[in-house]
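Asks: Here it is, the structure in full.
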Amino acid sequence: MMDYFLLFMGAVVVNNFVLTRFLGLCIFFGVSKNLSASGGMGMAVTAVITLSSMFAWLVYNYILLPLNLTFLTTIVFVLLIASFVQLLEMIVKKYTPNLHKMWGIYLLLIATNCVVLGVPLINVESHFSFGKSLVNAVGSGVGFAMAIVLMASCREKLRLADVPKSLDGLGIAFIVAGCLALAFFGFSGMITM
Amino acid sequence: MKGLWGIFSKGLVLENPIFVLALSLCPALAVTTSVVNALAMGLTVAFVISMNNLVVSIVRNLVNPKVRVPIYITSIATIVTLAELLLKAFAPLLYKDLGIYLSLVVVFAIILARAEVFASKNPPFKSFIDGLGMGCGFTLAMLIIGAIREVLGNGTLLGYQVMWSGYQPALIMILAPGAFILIGYLVAGFKILSERIEKARAERGETV
């Protein structure tokens, strides 16, 4: 049990995907301009990472590994995730139109994204069991959501600040992200895996 | 000939994938801790963009527009797997250093963007040149970031000591926060640079 808890906390704070492993930066900078959108995005990413890690784990361990096709991992995972996200979008659209209005656009953005592809790849590379993959996926999603919400809060405040003209926009966003990463560095070494 | 040079050179500065278009930032931060890694990643991406542009451009009239994105992604994934296997066979150490980011080349926005914007509308040779230009611009940006980080963070360049002997390496530059902050300033620098170029052009009365 402790194992799983440590893995979860490790994925959320110590090895935070955005701030220490640089995955999912396109969404992180693209959608963090306002707080409510970034909250929605964080939840959508968590859901997609969790579900696609489950599928990817099953496909890898029951199809690719027995057939000795592991060199096809990248292709199979990309296609699997892209088609799965499309399917998810259709289902959400059909059954919960309200949710679709909130999430629809994010779901398509997530379809080919490095954090969504990265987590399943890391799971199979570290030879995690099914339970561990699941915990790692949820943790990574929560970590991503936390980072993007923090970032959006900072950027909302920044709008009132007097930023030098050339740094305005993307430049200052990177520097804020650097400061956040510095803060998250305080967690490093807390959990050694 | 001038047309081809134009297609090639726009990827270098004016439409630089990393600093101007701000696409594919993940590798720009993750693997630029040393110049060698940055160069390897840059060349891999250049290879993938130009090959993929070539493939997409050859099949551009055969593909139904409705299914074009899955086809592009399959093509990219195939070429990336090829590059991965080649690196694993001939440069196992680099392969290990680049690690998971090599597989993640598949989802770099810049590759899909070039296929969609350029290669699906232009003949094969032109598309190949466009991919090459974008790839070189990407490699250039990676080299700049890698060189600054390696010199400041480790005191070396390509593994050779370049700073004076008592130099205390600024470890933060190798770590994650330094990468973010450096890119922030580089983006601002490129913004000033392109504003100056445009201003100079406007003064000479040229239109772009």
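Each value in this text was obtained by applying a stated rule to the coordinates, not by laboratory testing. Everything quoted here is computed from the prediction, not taken from an experiment. Don't worry about glycine lacking a Cβ; one is built from the backbone with ideal geometry, like all the others, and counts go over all protein chains shown.
Asks: Provide a whole-number value for the mean count of partner chain Cβ atoms within 10 Å of the Cβ atoms in peptide B:167-178.
Replies: Averaged over the peptide's residues, the number is 3.
Asks: I'd like to know how chain B sits against the 2.2 N^0.38 Å rule of thumb: what's its Cα Rg over that expected value?
Replies: That ratio works out to 1.11.
Asks: What FRET efficiency, computed as 1/(1 + (r/R0)^6) with R0 = 51 Å and r the Cβ-Cβ distance, is obtained for A:Asn61 and A:Lys101, rounded to the nearest 0.05?
Replies: My answer for the efficiency is 0.90.
Asks: Okay, moving on. Can you tally the net charge around B:Phe118? Count Lys and Arg as +1, Asp and Glu as -1, for every other residue whose Cβ sits under 9 Å from the Cβ of B:Phe118.
Replies: +1
Asks: Counting helices only, and only those DSSP H runs with n ≥ 4, report the 222 nm mean residue ellipticity of chain B as the sum of -39,500 (n - 2.57) divided by its residues, in deg cm²/dmol to the nearest 500.
Replies: My calculation for chain B gives -21500 deg cm²/dmol from helical runs alone.
Asks: Turning to a different aspect of this structure: Per residue, what volume in Å³ does the convex hull of the Cα atoms of region B:103-153 enclose?
Replies: Residue-normalised Cα hull volume stands at 82 Å³.
Asks: Rounded if a/c is under 1.5, else prolate if a/b is larger than b/c, else oblate: which is the protein assembly as shown, with a ≥ b ≥ c the root eigenvalues of its Cα gyration tensor?
Replies: rounded
Asks: With r defined as the distance between the Cβ atoms of B:Arg204 and A:Leu158 and R0 fixed at 35 Å, what FRET efficiency is calculated, to the nearest 0.05?
Replies: Plugging the Cβ-Cβ distance into 1/(1 + (r/R0)^6) gives 0.45.
Asks: Please compute the average number of Cβ atoms from other chains found within 10 Å of each residue's Cβ in peptide A:158-169.
Replies: For this peptide, the per-residue mean of nearby foreign Cβ atoms is 2.
Asks: Order the peptides A:51-57, B:86-92 from the highest to the lowest mean number of other Cβ atoms within 10 Å of their residues.
Replies: A:51-57, B:86-92
Asks: Taking only complete DSSP H runs, can you tell me which helices of chain A stretch 20 Å or more along their own long axis by Cα positions and average at least 0.5 on the Kyte-Doolittle scale?
Replies: A:35-59, A:73-95, A:130-158, A:170-185
Asks: Viscosity 1.306 mPa s, temperature 10 °C: what is the translational diffusion coefficient of region A:1-43 from Stokes-Einstein with a Kirkwood Rh over Cα pairs, rounded to a whole number of µm²/s?
Replies: Estimated via Stokes-Einstein, D reaches 136 µm²/s.
Asks: For region A:1-88, what does the alpha-carbon gyration tensor say about shape, rounded, prolate or oblate, given a ≥ b ≥ c as the root eigenvalues, a/c under 1.5 as rounded, and a/b over b/c as prolate?
Replies: Note, shape of region A:1-88 comes out oblate.
Asks: Only counting other Cβ atoms within 10 Å, I'd like B:Asp130, A:Asp3 sorted with the fewest neighbours first.
Replies: A:Asp3, B:Asp130
Asks: More than 26 angstrom separation, counting every C-alpha pair in region A:55-193; what % is that?
Replies: Cα-Cα pairs of region A:55-193 separated by over 26 Å account for 44 percent.
Asks: I need the shape label for region A:121-160. Rule: rounded when a/c is under 1.5, else prolate if a/b > b/c, else oblate, with a, b, c from the alpha carbon gyration tensor.
Replies: Note, shape of region A:121-160 comes out prolate.
Asks: Among the lysines, which have Cα under 22 Å from the Cα of A:Lys93 when same-chain residues fewer than 8 positions away are ignored?
Replies: A:Lys101, B:Lys66
Asks: What's the FRET efficiency of B:Leu143 with A:Asp168 using the Cβ-Cβ distance as r and R₀ = 30 Å, to the nearest 0.05?
Replies: Calculated transfer efficiency: 0.65.
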